[in-house]
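Each remark here refers to the structure printed beneath this line.
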Amino acid sequence: MGSSAKKKKEKKKDFQKVKLKVGKTKPKAANSTDTSFKAKAIALKQQSLSTNAPTVEAQCAHQISLLNHKSDAQRRDSLAYLTTVISTHPPGSPLPQPASVIIPAIQRLVLDGSNSVRQQMLKLVQSLPKTDIASHTDSLLLHTRAGLTHLSTDIRTFALDMLEWLLSVAGDEVVSCAGGWAKTLKCFLSLLGWQTQVGDKWSAIRTYGRGASDAKVQAKQMNTLTTFLRAGLIQPTEIVAVGAGTSNFPLWQTEHHVLSERSSAFAHLNLYGATRDEEAEMYEDREDRQRVFHELAEGAIAAGIEQSTKGGGELGRAGAHLCKAMKEGMADFHRVDED
């Protein structure tokens, strides 16, 4: 009896709540660890920050792979990292990742739905060497044209900024690459609604809204078209000045009799070739671009300018600049139908 009562008492003791008096500290648990010691330093064996750290090349490759991430913030941060690395890179030394890897990975971001991603993408391509941009103009222009006809107004406006920057750093390559001249002209005609032909005359019909914000977008489109026409139709000043207005007696009009500086000078005649797609052609010669512009867009743009300048204001100023660029670029064009 004594042993059973003792066992019941011990079992009851396990479930009894300890009553603490006010001001009395709680007793420590049986498995508590004493952390009252102090140490000036903690040494970890086999720790090396330099041996196992990834290289800049590896980090850039990792950030490029993250450009496909579903998060807008992650894509923006990856672009910002690449921009910082390239901007602070010593000039003349090879990039951590070549432009042939970077540009194909970022060019589709022209159509990204996030404005912050698009703006950071533009900063990244602006930090790349201009020579690398020139060699990838055709692919960048392809995505830029897709952005020009996008349903989103923000993306269309950003594509205009992208095209203006491309023209400023690689204007000759933009207008002379495959499809760069004819397809871009058709794209602008579609944007501005200047592609409807009634009988023998051109008319201009707007395809988007007619609000105040739309007028600003249309004026920006016309200004970008002006820059595009100047790059494709107007000769640089230093080229025009050589032999154009001067004569070295007894040599007259020497520039018309010298050998052509480009290969296949008569390739545009296509005497023995198959039927070509004029939209996808490379128009490296200014005369070829003048001919295509006259056949494809001159009448439509002239009609559109006439309609846009009636209202004056910002559209009128943009139309005046566009008209001036078109007249300067086509001043020396030989029109057969007018002879």
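If I ask for residues that are crowded, with 17+ Cβ neighbours inside 10 Å, assigned to a helix (DSSP H, G or I) and at pLDDT below 90, which ones from segment 192-216 would you list?
215
Take segment 135-153 and flag every residue that is of a type outside the set (Val, Ile, Thr), over 18 Å from residue 124 (Cβ atoms) and out of contact with any Gly (no Cβ under 9 Å at 6 or more places or on another chain).
Hits for segment 135-153 are 146, 148, 150, 151.
Does residue 125 satisfy the criteria of being aliphatic (A, V, I, L, M), more than 16 Å from residue 77 (Cβ to Cβ) and surrounded by fewer than 16 Cβ atoms within 10 Å (Cβ to Cβ)?
Spelling it out, it is not the case that residue 125 is aliphatic (A, V, I, L, M), more than 16 Å from residue 77 (Cβ to Cβ) and surrounded by fewer than 16 Cβ atoms within 10 Å (Cβ to Cβ).
How many of the residues in segment 85-121 are of a type in the set (S, T, N, Q), more than 17 Å from residue 134 (Cα to Cα) and surrounded by fewer than 19 Cβ atoms within 10 Å (Cβ to Cβ)?
Residues that pass the stated criteria total 7.
Just for segment 170-187: of the residues that are free of Cβ contacts under 8 Å to residues at least 60 places away in the same chain and of a type outside the set (Val, Ile, Thr), which one is surrounded by the fewest Cβ atoms within 10 Å (Cβ to Cβ)?
Within segment 170-187, the match that is surrounded by the fewest Cβ atoms within 10 Å (Cβ to Cβ) is 172.
Inside segment 70-145, counting only helices (runs of 4 or more DSSP H) that do not spill past its ends, which hold 1 or more residues that are closer than 22 Å to residue 228 by Cα?
Passing ranges, in order: 115-127, 130-135.
For segment 288-320, which residues satisfy the criterion of being within 24 Å of residue 177 (Cα to Cα) and assigned to a loop (DSSP other than H, G, I, E, B)?
Hit for segment 288-320 is 297, nothing else.
Write out, first by first residue and then by second, each pair whose Cβ atoms fall under 9 Å of each other, whose residues are 6+ apart or on separate chains, and whose first residue, in segment 93-108, is among the basic types (Lys, Arg) while the second is crowded, with 19+ Cβ neighbours inside 10 Å.
Pairs found: 108/67.
The values are calculated or read from the model by the stated rules, or taken from the named source; none is laboratory data. Keep in mind that this is a model prediction, so the values were computed, not measured. Cβ atoms come from the backbone with ideal geometry, glycine included; neighbour counts cover every protein chain shown.
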